[in-house]
Amino acid sequence: MLAAERAAPGDLDLLDEAIERMQAAKTFEEFRRADVRLHIGVAEAAHSPRLVALMTEVHGHMNDVIAGMGHPAERLARSNGEHRRLVTLLRRGDSTDAALAMREHIEQTERVLSG
């Protein structure tokens, strides 16, 4: 919600760049770096240092778990589609739908992680 309310156009341009890097990624490692960049970028777009620190910590804890999973191309494409939807909502300043989109993205990630 904060990112939808506070993001500057440049903040969102960086998120678009991360989405494009995920789209063009040839390896999961490339995809993952851009994915982490996007998620931390959303926190940065909220202009909340505490949220940035927490997001960085969460991704640090998740790296080993995510690295040990399978990464089918269709799952990565679906995830990146969710990212695109989120950034579109952030550009509109639609904090309610952006929060719902992020919640759905997190819930989808939880389902994947739980097997």
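With the condition kept exactly as written, say whether any residue in segment 20-31 is within 20 Å of Asp97 (Cα to Cα), charged (D, E, K, R) and within 13 Å of the chain's Cα centre (by Cα).
Restricting attention to segment 20-31, the residues satisfying the condition of being within 20 Å of Asp97 (Cα to Cα) are none.
Looking for residues that are within 20 Å of Asp97 (Cα to Cα), charged (D, E, K, R) and within 13 Å of the chain's Cα centre (by Cα), one finds none in segment 20-31, hence no.
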Discussion item. So if I check each of Leu54, Leu15, Leu100, Leu76, which one is in contact (Cβ under 8 Å) with a residue 40 or more places away in the chain, within 19 Å of Leu2 (Cα to Cα) and assigned to a helix (DSSP H, G or I)?
Written reply: Leu15
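Kindly evaluate Gly60 against the criterion of being surrounded by fewer than 17 Cβ atoms within 10 Å (Cβ to Cβ), at pLDDT below 95 and not in a helix (DSSP H, G or I).
On the way: surrounded by fewer than 17 Cβ atoms within 10 Å (Cβ to Cβ): yes; at pLDDT below 95: yes; not in a helix (DSSP H, G or I): no.
Taking the combined requirement at face value, the residue does not satisfy it.
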Discussion item. Just to be sure before I move on: is Ala43 in contact (Cβ under 8 Å) with a residue 24 or more places away in the chain, closer than 25 Å to Ala4 by Cβ, surrounded by 15 or more Cβ atoms within 10 Å (Cβ to Cβ) and hydrophobic (A, V, I, L, M, F, W, C) in the structure I sent?
Written reply: yes
Fill in: Residue in segment 24-35 that is crowded, with 18+ Cβ neighbours inside 10 Å, aliphatic (A, V, I, L, M) and closer than 18 Å to Glu110 by Cβ present
no
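Considering Leu76, Leu89, which residue is at pLDDT 95 or above and among the hydrophobic types (A, V, I, L, M, F, W, C)?
One residue alone meets the criteria, Leu89.
The values are calculated or read from the model by the stated rules, or taken from the named source; none is laboratory data. Remember, it's a predicted structure, so these values are computed and weren't measured experimentally. Because the Cβ atoms are built from the backbone with ideal geometry, glycine has one as well, and the counts that use them run over all protein chains shown.
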